[in-house]
Ligand code: 6PG
């Protein structure tokens with residue numbers, strides 16, 4: 001564990017921090033950012049999605065304002081994590097995205113690469129790693145997303161890598177089985193091998209409940225290295241934070 005905690009902590013490139021009046025404005029601007037990024041690619045665009053309340057607003061913004069802005073057939077949807085529940089369970093990250101983005105935009109099934117939360121977690125973590133290797137373009141031999149979208153938990157977790165399971169970040173596998181520290185719920189999560197290999201990583205974080213962690217992570221204060229989100233930075237790419245004023249309140 002000591003090795004992990006002593007990860008090199010200086011960012012290869014300083015993260016860009018974008019602060020917005022509120023989460024509605026953040027969702028609108030991030031939708032524009034997503035569209036601009038996707039339009040820069042002539043061929044297919046590969047995005048790794050997150051669960052959470054802020055991504056949900058982003059999906060609703062895309063569905064309501066951008067049905068015609070983009071050739072949606074070029075977007076390939078994957079996830080950074082999924083709860084080990086059926087796809088129609090209210091806990092399902094896929095289920096939330098399907099309701100708020102895929103159904104409204106009539107996204108084709110073959111563009112949606114969901115983590116099968118209903119399957120055996122260990123078997124599914126291996127299967128999804130194979131799916132990533134099969135479909136996602138590579139860099140350094142590993143899947144490289146055009147964009148990875150992440151949230152930040154109040155405990156500093158991101159995707160489904162929790163502070164008490166920091167070793168999962170650098171497990172050497174593409175996907176791991178995680179356990180929610182309170183509920184004991186099993187989850188499948190991508191590891192830093194994939195997340196940090198992305199061309200663009202964007203954290204979407206809102207609300208005053210995140211202000212302390214955002215400040216500890218961005219100002220590299222106190223025990224910041226114990227928070228998985230602190231270890232997310234692209235090996236060769238750009239890291240951006242999209243946060244609202246509430247979450248930015250304690251940044252120095
Ligand atoms: C999940 C997410 C998780 C989420 C954070 C923040 O499956 O729950 O992947 O990492 O992004 O918990 O969630 P909120 O944005 O809802 O606070």
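The values are calculated or read from the model by the stated rules, or taken from the named source; none is laboratory data. Just so you know, these numbers come straight off a predicted model, no measurement behind them. We place every Cβ from the backbone using ideal geometry, glycine too, and count neighbours over all the protein chains shown.
At-a-glance table
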{"item": "Test set (1) touching a helix residue (DSSP H, G or I) at 6+ places or on another chain (Cβ under 8 Å); (2) free of Cβ contacts under 8 Å to residues at least 60 places away in the same chain; (3) under 27 Å from residue 41 (Cα atoms) - residue 109 fails condition number", "result": "(1)"}
{"item": "Count - residues of region 159-185 that are touching a helix residue (DSSP H, G or I) at 6+ places or on another chain (Cβ under 6 Å), part of a loop (DSSP other than H, G, I, E, B) and within 15 Å of the ligand (Cβ to nearest atom)", "result": "1"}
{"item": "Matching residues in region 12-32 - criterion: being crowded, with 17+ Cβ neighbours inside 10 Å and closer than 16 Å to residue 234 by Cβ", "result": "15"}
{"item": "Tabulated pairs, region 197-218, first more than 18 Å from residue 23 (Cα to Cα), second part of a helix (DSSP H, G or I) and within 10 Å of the ligand (Cβ to nearest atom), C-beta under 7 angstrom, 6+ apart or interchain", "result": "217/229"}
{"item": "Count of region 200-234 residues which are closer than 23 Å to residue 125 by Cα and not in a helix (DSSP H, G or I)", "result": "5"}
{"item": "Number of positions in region 197-212 that are closer than 21 Å to residue 170 by Cβ and within 12 Å of the ligand (Cβ to nearest atom)", "result": "1"}
{"item": "Residue satisfying condition, being assigned to a helix (DSSP H, G or I), more than 16 Å from the ligand (Cβ to nearest atom) and either touching a strand residue (DSSP E or B) at 6+ places or on another chain (Cβ under 6 Å) or closer than 30 Å to residue 213 by Cβ (or both), within set 101, 132", "result": "132"}
{"item": "Sole exception among (1) out of contact with any helix residue (DSSP H, G or I) (no Cβ under 7 Å at 6 or more places or on another chain); (2) within 21 Å of residue 34 (Cβ to Cβ); (3) buried (at least 19 other Cβ atoms within 10 Å of the Cβ) for residue 218, by number", "result": "(2)"}
{"item": "Filter result for residue 194 (more than 12 Å from the ligand (Cβ to nearest atom), touching a helix residue (DSSP H, G or I) at 6+ places or on another chain (Cβ under 8 Å) and either modelled with pLDDT under 95 or under 16 Å from residue 49 (Cβ atoms) (or both))", "result": "yes"}
{"item": "Flag if residue 139 is touching a strand residue (DSSP E or B) at 6+ places or on another chain (Cβ under 9 Å) and surrounded by fewer than 21 Cβ atoms within 10 Å (Cβ to Cβ)", "result": "no"}
{"item": "Selected residue (criterion: farthest from residue 31 (Cα to Cα)) from residues of region 142-156 that are over 11 Å from the mean Cα position of the chain (by Cα) and within 9 Å of the ligand (Cβ to nearest atom)", "result": "155"}
{"item": "All positions within region 38-56 that are surrounded by fewer than 22 Cβ atoms within 10 Å (Cβ to Cβ) and either closer than 26 Å to residue 157 by Cα or within 16 Å of the ligand (Cβ to nearest atom) (or both)", "result": "47, 52, 53, 56"}
{"item": "Among the candidates 59, 77, residue that is closer than 16 Å to residue 151 by Cα, surrounded by 15 or more Cβ atoms within 10 Å (Cβ to Cβ), within 16 Å of the ligand (Cβ to nearest atom) and under 20 Å from the mean Cα position of the chain (by Cα)", "result": "59"}
